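Heads up: the structure comes next, in structure tokens.
The values are calculated or read from the model by the stated rules, or taken from the named source; none is laboratory data. Computed from a predicted model, the values in this text were never measured in an experiment. Please note: Cβ atoms are built from the backbone with ideal geometry, for glycine as well, and neighbour counts cover all protein chains shown.
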Amino acid sequence: MSISNLFAAGGIVMYPLLAFSLAAIALIIERCLFWYKISRRQRRAIRDILAAYRNDSELVLSKLRQNGDLPIVRIFLEALELDYAPPHAFRLALEGATQAELPILQRFNTVFSTIITGAPLLGLLGTVLGLIRTFANIDIGNTGGEGVGEVTAGISEALVSTASGMVVAIVTLLFYGLFRGFYKRQLALIHEYGNQLEVLHLFRYEDRQTDVGIKSKEQGRK
């Protein structure tokens, strides 16, 4: 069955289902590229950043800015702008930056949910419309081919629209579940690397406080 015949058989609900399917395909491609970029570059970038920060390198901020399109790097960059802050303030900065990045990681989830919920309902609407058409064309006293053809067309509309709505919803649901898995994994990595950064910051903060205390004592003796 060709596309034109499929649309003719499925009835009017095939057009919103087509819009749903095109939107789902576009958003799935965007999310696939987004998560591919993160998975390909993130681990190496974060390891380099943590190593540079551990060695007290002045290149930390430049390394962060070079990878500013990664969400976790933006979180680190915002926190490290408060590098001299106490540990509790540094933690708050990390948590605030993480919350700001969550909408980016969950982008288009509402649209996916709408398609997953709406596509089967549109298919069901097509089923109802097809059955209405079927019963409207049933003529018990007419056994001719024309009446049978109208009844068959109504049943075809009911089945095709239902199947189309299910296919759109199922495909979207599969990718939505995949992206949810990526999101949860990303949150775990943010917490893992964020804790490592907090530990390094705590050590540096305590070293600075020790140096400040020693310098204060030396100045007091003078």
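A few remarks follow.
- Residue in segment 125-138 that is surrounded by the fewest Cβ atoms within 10 Å (Cβ to Cβ), counting only those that are part of a helix (DSSP H, G or I) and either among the charged types (D, E, K, R) or touching a helix residue (DSSP H, G or I) at 6+ places or on another chain (Cβ under 7 Å) (or both): 131
- Checking every residue in segment 105-114 against the condition of being more than 13 Å from the chain's Cα centre (by Cα), of a type outside the set (Phe, Trp, Tyr) and at pLDDT 95 or above gives at least one match.
- Pairs with Cβ under 8 Å, 6+ apart, first in segment 179-193 and polar (S, T, N, Q), second part of a helix (DSSP H, G or I): 186/38; 186/71; 186/72; 186/105
- Exactly one residue out of 169, 158 is at pLDDT below 90 and part of a helix (DSSP H, G or I): that is 158.
- Which numbered condition residue 54 fails, given (1) within 22 Å of residue 207 (Cβ to Cβ); (2) modelled with pLDDT of 85 or more: (2)
- Filtering 25, 12 for residues that are outside any helix (DSSP H, G or I) and either crowded, with 19+ Cβ neighbours inside 10 Å or among the β-branched types (Val, Ile, Thr) (or both) leaves a single hit, 12.
- Test for residue 198: is it of a type in the set (D, E, K, R), within 30 Å of residue 79 (Cβ to Cβ), at pLDDT below 95 and in contact with a Pro (Cβ under 9 Å, 6 or more places away or on another chain): yes
- If only residues of segment 81-124 that are in contact (Cβ under 8 Å) with a residue 24 or more places away in the chain and either among the acidic types (Asp, Glu) or in contact with a His (Cβ under 6 Å, 6 or more places away or on another chain) (or both) are counted, the one that is surrounded by the most Cβ atoms within 10 Å (Cβ to Cβ) is 90.
- Of the residues making up segment 43-66, those that are free of Cβ contacts under 8 Å to residues at least 60 places away in the same chain and either among the small types (Gly, Ala, Ser) or on the phi > 0 side of the Ramachandran plot (or both) number 5.
- The condition of being modelled with pLDDT of 90 or more, of a type in the set (Asp, Glu) and assigned to a helix (DSSP H, G or I) holds for only one of 146, 78, 95, that being 95.
- Members of segment 38-68 that are more than 29 Å from the chain's Cα centre (by Cα) and crowded, with 19+ Cβ neighbours inside 10 Å: 53
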